[in-house]
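Participant: Handing you a structure now.
No value in this document is a laboratory result; all are computed from the given coordinates. For clarity, every value in this text was computed on a predicted model and none was experimentally measured. Positions of Cβ are backbone-derived with ideal geometry, glycine not excepted, and every protein chain shown enters the neighbour counts.
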Protein chains: 2
Amino acid sequence: MPADAHRTKAAPDAGRAEPASPLTERQEARRRRILEACARLASRGGFDAVQMREVAESSQVALGTLYRYFPSKIHLLVATMQDQLEHLHATLRKKPPAGETAAERAAGTLMRAFRALQRDPLLADAMVRALTFADRSVSAEVEQVFRRTTAIVLDATDLTDPTPEQLSAVRVIGHTWHSTLITWLSGRASIEQVAVDIETVCRLIDLTAAPRVP
Amino acid sequence: MPADAHRTKAAPDAGRAEPASPLTERQEARRRRILEACARLASRGGFDAVQMREVAESSQVALGTLYRYFPSKIHLLVATMQDQLEHLHATLRKKPPAGETAAERAAGTLMRAFRALQRDPLLADAMVRALTFADRSVSAEVEQVFRRTTAIVLDATDLTDPTPEQLSAVRVIGHTWHSTLITWLSGRASIEQVAVDIETVCRLIDLTAAPRVP
DNA sequence: CGCCGATCTAGAACAAGTTTCAGAGTTGAT
DNA sequence: ATCAACTCTGAAACTTGTTCTAGATCGGCG
């Protein structure tokens, strides 16, 4: 798996659309078809069912083109996670969680996110496995996913100006969220245990909280 | 990757030696040669360099035999991690960490473990990636690795009779340890940040501590 | 000793991720 | 409208994890 095989030419950006070459309409549509096909296949058989040839066929794109958009299966799945997290984040924003303390709100939001992913366990499994399996060649994309996770937690806590300590706590919470997700998906922990652990780790937020100045 | 391919016959137990058919001396030797070859190869090129054919050749065993001992590359790497963690645990036990609070001792021990794995980053990378990539067919072995991690933390904190809350904290600490390890190995975080996050999460121990009764 | 079943070996065969390439299709600038 | 550069397609080839098969070895037992 010679994973450093990034095209150096002006290939369609497999990450986000922001800093890249504009991507024509047709290209944007292709990209979207690919991501949808990926999610669809993952939603059935999980990680193993996302076969590059199938994704290509299912999204009506040649195999070579698929690889031009996403340089590896891992890139593809991480991009899919990115995509799904965006939706999730938007959904979660709409109904901010109730709760006295920041910790409670964080735990509430994370459990809601957890349940959302539970609804499609095979898709979740494929995405999260790809995320943790990713090597350096996917760093940038993985980083973005983590940023999104961090943003979700920060949103939930309503912390406007977090201290370094709080940022550390938020990172730890993100790590725990991903790990418990994997643990649950692998059948090594119950939902109850996940809930307990999420609540436990979220206490770190209050522990490191500075009094909020309005 | 049809990973549920466990032989159902009386195959050499790929997990620990405890509950299995005794394993003759020659077989024990084979198993050890395989694990050593695996560690050696991983120590050079990391995950990708652990190629089953190479492992087989390098440990003077036929490919089929390798698969009889370890039903997949993931099983092999998880077993290797198990093996390395045993050594590490033994080493760490010898010099218990200094520190006033349980949290400090836990953080100290984990950072020591972290530095031990740092010395062989490619090996660590291969093992940890295998660990988080493992699917249900490897649950039992993964579970054992987590148990070992938990044991290391509990040893460090010197908690003899942990409450359920403390166990949750210890699980969270274990998750964080693995995640930060991956994050560092992927070049997405500095050692300093890892140290900070480990210290942050270890506070959970004191937070949930019941007064110890001697 | 000589046999039996389990284990090991060598090597072919198969599956899925990845790479490569020649030719057809698009696009943008002149 | 035309040309050059880029992009997409279709198909084959290559790599590495995994499975399968036929025969050689081993260990215990009568």
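Participant: Per residue of chain B, what 222 nm ellipticity follows from adding -39500 (n - 2.57) for every DSSP H run with n ≥ 4, rounded to the nearest 500?
Facilitator: Details: 9 runs with 143 residues, N = 214.
Using -39500 (n - 2.57) per qualifying helix, the result is -22000 deg cm²/dmol.
Participant: For the protein assembly as shown, just run the numbers: alpha carbon Rg, then divide by 2.2 N^0.38 Å, N being how many residues it has.
Facilitator: Numbers: Rg = 22.2 Å, N = 428, 2.2 N^0.38 = 22.0 Å.
Dividing the Cα radius of gyration by 2.2 N^0.38 Å gives 1.01.
Participant: Indicate the helices, whole DSSP H runs only, in chain A that combine a mean Kyte-Doolittle hydropathy of 0.5 or more with a Cα extent along their long axis of 20 angstrom or more. Numbers along the way, then the final one.
Facilitator: Details: long enough: A:25-43 (27 Å, -1.05); A:73-94 (32 Å, -0.19); A:102-118 (24 Å, 0.09); A:139-157 (27 Å, 0.17); A:164-185 (32 Å, 0.24); A:191-207 (24 Å, 0.90).
Membrane-span-like by this criterion, though nothing is claimed about a membrane: A:191-207.
Participant: Among A:199-207, B:87-95, A:43-51, what's the highest-first ranking by average C-beta atoms within 10 angstrom per residue? Present the calculation step by step, with values, prior to reporting the outcome.
Facilitator: On the way: A:199-207: 23.6, B:87-95: 12.4, A:43-51: 16.7.
Ranked from most to least packed, the peptides come out as A:199-207, A:43-51, B:87-95.
Participant: Okay, moving on. What average count of beta carbons from other chains do you get within 10 Å of the Cβ of residues in A:138-148? Don't jump to the answer; show the numbers that get you there.
Facilitator: Values: counts 1, 4, 1, 0, 4, 5, 0, 0, 4, 0, 0.
Averaged over the peptide's residues, the number is 2.
Participant: Also: Remind me, relative contact order of the stretch B:73-207 in percent, using alpha carbon pairs under 8 angstrom and six or more residues apart? Spell out each step's value before the answer.
Facilitator: Numbers: 119 pairs, mean separation 47.4, N = 135.
Averaging sequence separation for qualifying contacts and normalising by length gives 35 percent for the stretch B:73-207.
Participant: Something else about it: So if I take the centroid of the Cα atoms in the stretch B:136-214 and the same for the stretch A:187-207, what is the distance between those two points in Å?
Facilitator: Centre-to-centre distance over Cα atoms comes out at 13 Å.
Participant: What is the mean number of Cβ atoms from other protein chains located within 10 Å of the Cβ atom of each residue in peptide A:168-178, rounded to a whole number?
Facilitator: Numbers: counts 7, 4, 1, 10, 14, 4, 3, 11, 8, 2, 5.
What the average comes to for A:168-178 is 6.
Participant: For A:ASP197, B:ASP158, which order do you get if you count the other beta carbons within 10 Å of each Cβ and list the fewest first?
Facilitator: Details: A:ASP197 23, B:ASP158 13.
Exposure proxy ranking, most exposed first: B:ASP158, A:ASP197.
Participant: Name the residue farthest towards the positive end of the dipole of the stretch B:83-214 from the options B:ILE205, B:ILE182, B:ALA124, assuming +1 on Cβ of Lys and Arg, -1 on Cβ of Asp and Glu, about the Cα centre.
Facilitator: Of B:ILE205, B:ILE182, B:ALA124, it is B:ALA124.
Participant: About the Cα centre, and with charges only on the beta carbon of Lys, Arg (+1) and Asp, Glu (-1), how big is the dipole of the protein assembly as shown? Nearest 20 debye, please. Numbers along the way, then the final one.
Facilitator: On the way: 56 positive and 52 negative charges, 233 e Å.
The calculated dipole for the protein assembly as shown is roughly 1120 debye.
Participant: Using a Förster radius of 30 Å, what is the FRET efficiency between B:ALA195 and A:ARG93 based on their Cβ-Cβ separation? Nearest 0.05, please. It would help to have the intermediate numbers written out before the result.
Facilitator: Details: r = 33 Å, r/R0 = 1.11.
Step by step, r from the Cβ atoms, then E = 0.35.
Participant: Explain nothing, just the number: dipole magnitude of chain A about its Cα centre with +1 on each Lys and Arg Cβ and -1 on each Asp and Glu Cβ, in debye rounded to the nearest 20.
Facilitator: Numbers: 28 positive and 26 negative charges, 134 e Å.
Around 640 debye, computed over chain A.
Participant: In what order do B:ARG119, B:ARG147 fall by count of nearby beta-carbon atoms within 10 Å, going from fewest to most? Working shown, then result.
Facilitator: On the way: B:ARG119 8, B:ARG147 13.
By the 10 Å Cβ count, ascending, the order reads B:ARG119, B:ARG147.
Participant: Next question, about the same structure. In the stretch B:25-69, with Lys and Arg counted as +1 and Asp and Glu as -1 at Cβ, which of these residues, B:TYR67, B:GLN51, B:ALA29, has the Cα nearest the positive end of the dipole, that is, farthest along it?
Facilitator: It is B:ALA29.
Participant: Ok, one more. I need A:GLU141, A:GLU36, B:GLU86, B:GLU25 ordered by Cβ neighbour count within 10 Å, fewest first.
Facilitator: On the way: A:GLU141 23, A:GLU36 15, B:GLU86 12, B:GLU25 8.
With the sparsest Cβ surroundings first, the list reads B:GLU25, B:GLU86, A:GLU36, A:GLU141.
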